[in-house]
Amino acid sequence: MGTYIVKRMLTIVPIFLIATLITFGMIHLSPVDPAEAYLAAANIQPTAEMLAQKRQEFGLDQPLLVQYVNSVIQISKFDFGVSYVTNKPVWEEVSSRLPATIELTLASLVIAIVVSIPLGFLAGVRKNKEIDHFSRFLSYFGASIPSFWFGYLLIFFFSVKLDLFPVEGIGTWKHLVLPAITLALPLIALYTRLLRASVLENLQEPYVLFARTRGIHEKSIMGKHVLRSAISPMITGLGMNLGKLMTGAIIVEAVFSWPGFGRYFIEAIFNRDVPVIQCYVLLAAGLFLISNLIVDIIQMYIDPRISREGRQFQ
Amino acid sequence: MLHTKNKKLVLLIFIIFLTVSIVLIGCTSQSVEKSEADASTENSHMITFSWPRDVGEMNPHAYNPSQMFAQSMVYEPLVSYEEGGELKPHLAESWEVSDDGKEYVFNLRQGVKFSDGSNFNAEIVKKNFDTILDNGDRHSWLGFIPLIDQTEVVDEYTFKFTLNEPYYPTIQELANVRPVRFLGEAGFPEDGDTSEGVEQPIGTGPWVLEEHKVDQYATFKRNEDYWGEHPSVEQIKVKVIPDAETRVLAFEKGELDVIFGEGVINIDAFNQLKSTGSYETSISEPVATRILVMNTNKETLSDIKVRQALHYAFNKQEIVESVTSNLEEKADTILSTNFPYTSNVEATTIDYDVNKAEQLLDDAGWKMPEGKDIREKDGKPLEIELMYNSAESIQKIMAEALQSEWAKIGVKLNIDGVELPTQVDRFNNNEFEMNFYSTSGAPYDPHYFINIVATEGFGFREAISSYPNKDELLSQIATVQQTTDENERQELYTSILGSLQEQGAIVPISYIRQIAIYQKDVSNFSFPANRDAHPFTGIHIGE
């Protein structure tokens, strides 16, 4: 178990390096010079001297390889550099905005789990009944509607028309409700479908028949056996989607004026604020890696077959 | 055994979730009381406004990420730019310019205090100028900054600076929102250099920054010791709302009192809100011009006949009307006449005339081959590329309108949507055939625009390189900035602006105007003459 985790942790290093290389490459393939973008955003027609001065300030006058190595060395010390736009350390800018994003993503995760587990399970158990139709409709709806549009609809009905929630901003739990639902909807759609399919699959397994012939109570079969083994793919899905949640937050944050990291990232892209973009991509990569690792560990607990595999012949 | 382990784990996960949620709710419920208190102060003495970005660090001498409207609420200039381009005394009560146009002496207004109670005098003016000049490179886009040779405190309320050479737009450039506005002593960092930030945003303006939550909101309260007319509104709250649709929804719900600016909401939303009759709307005087630049460096467009033909086939009136729903106004001259020195520009206005356009193209040798719908010359089809900023819907729709318009006379227009930085970059490097451009507008023009035209590396100078009178134009532009005689200056402007337009590479399309929508209880709203300034002078809310 311990060696497994260490091994997994070690694979993070090369993946991290590749992620830095790709981000760095992508940013520098773009035809836009960050120094020019900075001045364009300030509404200034820059003179050649101003551009040269900015480039030097940003370290863009050095050869690409030097820039890359420098940034990797910096990052390995957890120093993400200084934002081109605000002139403050990137980490300071990011960490002041992260709590808002974490609050939003956790809230949507809770909503997604609370809604999709019972819904997906019941839909599987009562196939082709009302609840199943409803879950299928919700999955279809949630998977196909763009989240910014869903957000506007929620604002329009629940905020402007019914006056139940504020349109934008952060502060009270009321501010959190609409953005969290918006962000949770695609996850609900996905998990409900996943769990439903998995429940249906498990119902075909011989162990269910066996349990029935043993005369075990139906509720107990469903709750203790089917749900537990059916939930496994959903947990994998959760892990894979933690990172997605963070990126999905970009749009939701913009729509609801949520002062989080995603919104800040969008601005950084427009301004070609390279250190911020880099920091975001690395954090997202880190989140994907770590959440996958955690999921694998949880899986091993829930389904011991995984950790036993390969050990049976020892 | 495994069972209990599993149960424990599930329980653990559940508990973690529960704790996190409780902690989150705990965090937020603390602020509940506060925001309720906030709501109760939203009385008739506060205006709530929104802006797409955070107000920024509120440094009067810096650019990004500080927002100009907010800077202008707190910091004031020596000279203010008013209606019709008139330059009026502000923190300077009067000024004298020496006959050689090099010495500027300002008599400062007495009795002006910074919001911390300190005095506004020649010392602090010099201190501000000196830190700006120490970072002169950053401000070299302004003509007079690099020319300043000396700054001097003559007496307590007299300040003087000397230029290396005469530069008439100096006074006009002093009216800009940045960088020449004044920070109080206590705002300066220890080393006196404001380029890395300021200690506190202390200005002389009618508003004082009261509270600032990054990316959420900023509140400004009235400066009770303001030297000028006191605002009737006690507080202004600026909410940061990046999304235009959300802004409209917040306004409809009554969470905002005023929407103001350029492109802050989309045109359909503006018209829809206007049509409900529940709100007041208004549109400003022209603040800038949207123009189409044709690159005379490219073979096809180097022929004046082709340029004119395209202009004749451009149904400006209809396109501007339909694309902007009359929010913009059709432009016949490059600069609108509410700018200084623009009132008597003589340039032939080109009215929509398809026959004439076809005639001109025929004359230029671009003939329509049998059975085709694109003109050709020496076997080459008449194809032109127009670059536009894909994030700006007006540019996009106009590009599409031009595409179908010019197809009628046998011109194939390829349109290419790019991001703003790419657009600027390609324009500066002369990698374009046609491009949309907006002039900087009030308070920068006309001198700023012609200066851009004459400077290498900004796109225009290269774009007009096949003008036959190019050298004369450039020398006129160089002369006009050094003129000390008002009449000579006027004549030069008339001639420069006239011939720039006559050659047809710079096509005025429309005058950009600012919009405002406000709730019925808001009154006395007026647009700032300076495009970058705040619109809150005189605004009133409630009975």
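The values are calculated or read from the model by the stated rules, or taken from the named source; none is laboratory data. Because the structure is a prediction, the values reported are computed rather than measured. Note that we place each Cβ from the backbone using ideal geometry, even for glycine, and neighbour counts take in every protein chain shown. With ligands, DNA and RNA removed, areas are computed over all heavy atoms of the protein, side chains included. Shrake-Rupley method; radii C 1.70, N 1.55, O 1.52, S 1.80 Å.
Table for the structure above
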| item | result |
| --- | --- |
| Residues of the stretch B:285-306 classified as over 15 Å from B:SER438 (Cβ atoms) and either surrounded by 22 or more Cβ atoms within 10 Å (Cβ to Cβ) or out of contact with any Gly (no Cβ under 8 Å at 6 or more places or on another chain) (or both), total | 13 |
| Qualifying positions in the stretch B:473-508 - of a type in the set (D, E, K, R) and without any contact (Cβ under 8 Å) to a residue 24 or more places away in the chain | B:ASP485, B:GLU486, B:GLU488, B:GLU491 |
| Of residues in the stretch A:173-205 being modelled with pLDDT under 85 and either open to solvent by 50 Å² or more (accessible area, probe 1.4 Å) or closer than 14 Å to A:SER135 by Cα (or both), the one farthest from the other protein chains (Cβ to nearest Cβ) | A:GLN204 |
| All strands (runs of 3 or more DSSP E) inside the stretch B:186-255 with 3 or more residues being within 14 Å of chain A (Cβ to nearest Cβ), at pLDDT 90 or above and open to solvent by 30 Å² or more (accessible area, probe 1.4 Å) | B:207-213 |
| Residue under evaluation B:ASN389, criteria (1) in contact with a Phe, Trp or Tyr (Cβ under 6 Å, 6 or more places away or on another chain); (2) of a type in the set (S, T, N, Q); (3) open to solvent by less than 20 Å² (accessible area, probe 1.4 Å), criterion not met | (1) |
| Among (1) on the phi < 0 side of the Ramachandran plot; (2) without any contact (Cβ under 8 Å) to a residue 60 or more places away in the chain - the single one B:GLY457 does not satisfy | (1) |
| Residue check, A:ILE170 surrounded by 22 or more Cβ atoms within 10 Å (Cβ to Cβ) and assigned to a helix (DSSP H, G or I) | no |
| Neighbours by Cβ (under 6 Å, 6+ apart or cross-chain): first from the stretch A:16-28, closer than 16 Å to A:ASP273 by Cα; second at pLDDT 80 or above and assigned to a helix (DSSP H, G or I) | A:THR20/A:VAL72; A:THR23/A:GLN278; A:THR23/A:VAL281; A:PHE24/A:TYR68; A:ILE27/A:VAL274 |
| Residue within the stretch A:33-41 that is part of a loop (DSSP other than H, G, I, E, B), within 14 Å of chain B (Cβ to nearest Cβ) and open to solvent by less than 20 Å² (accessible area, probe 1.4 Å) present | no |
| Leading residue by the ranking (nearest to the other protein chains (Cβ to nearest Cβ)) among those in the stretch A:23-32 that are in contact with a helix residue (DSSP H, G or I) (Cβ under 6 Å, 6 or more places away or on another chain) and part of a helix (DSSP H, G or I) | A:ILE27 |
| Identity of the residue in the stretch B:448-466, part of a loop (DSSP other than H, G, I, E, B) and not polar (S, T, N, Q), that ends up most open to solvent (accessible area, probe 1.4 Å) | B:GLU456 |
| Residue match in the stretch A:147-160 (condition: open to solvent by 60 Å² or more (accessible area, probe 1.4 Å), free of Cβ contacts under 8 Å to residues at least 24 places away in the same chain and part of a loop (DSSP other than H, G, I, E, B)) | no |
| Among residues of the stretch B:440-480, those that are of a type in the set (S, T, N, Q) and either within 14 Å of another protein chain (Cβ to nearest Cβ) or touching a His at 6+ places or on another chain (Cβ under 6 Å) (or both), counted | 3 |
| Residues (more than 24 Å from B:GLN395 (Cα to Cα), open to solvent by 40 Å² or more (accessible area, probe 1.4 Å) and assigned to a strand (DSSP E or B)) located in the stretch B:508-529 | B:SER523 |
| Hits in the stretch A:77-94 - residues which are out of contact with any helix residue (DSSP H, G or I) (no Cβ under 9 Å at 6 or more places or on another chain) and either in a helix (DSSP H, G or I) or within 12 Å of chain B (Cβ to nearest Cβ) (or both) | A:LYS88, A:GLU92 |
| Residue list for the stretch B:394-414, filter: open to solvent by 20 Å² or more (accessible area, probe 1.4 Å) and more than 21 Å from B:SER325 (Cβ to Cβ) | B:ALA407, B:LYS408, B:LYS412, B:ASN414 |
| Qualifying residue in the stretch B:167-174 (condition: open to solvent by 20 Å² or more (accessible area, probe 1.4 Å) and either more than 14 Å from every other protein chain (Cβ to nearest Cβ) or of a type outside the set (Lys, Arg) (or both)) | yes |
| Meets criteria (of a type outside the set (Gly, Ala, Ser), surrounded by fewer than 22 Cβ atoms within 10 Å (Cβ to Cβ) and assigned by TED's automatic domain parsing to the domain that holds B:GLU318) for B:VAL424 | no |
| Test for B:ASP362: is it at pLDDT below 90, in the same structural domain as B:THR300 (by TED's automatic domain parsing) and over 30 Å from the mean Cα position of the chain (by Cα) | no |
| Number of positions in the stretch B:69-88 that are buried (at least 20 other Cβ atoms within 10 Å of the Cβ), farther than 15 Å from B:GLY261 by Cβ and of a type in the set (A, V, I, L, M, F, W, C) | 3 |
| Which numbered condition B:TYR388 misses (of (1) more than 10 Å from every other protein chain (Cβ to nearest Cβ); (2) part of a helix (DSSP H, G or I); (3) under 30 Å from B:GLY365 (Cβ atoms); (4) not small (Gly, Ala, Ser)) | (2) |
| Candidates B:SER66, B:SER115, filtered to the one that is away from chain A (no Cβ under 14 Å), buried (at least 16 other Cβ atoms within 10 Å of the Cβ) and part of a loop (DSSP other than H, G, I, E, B) | B:SER115 |
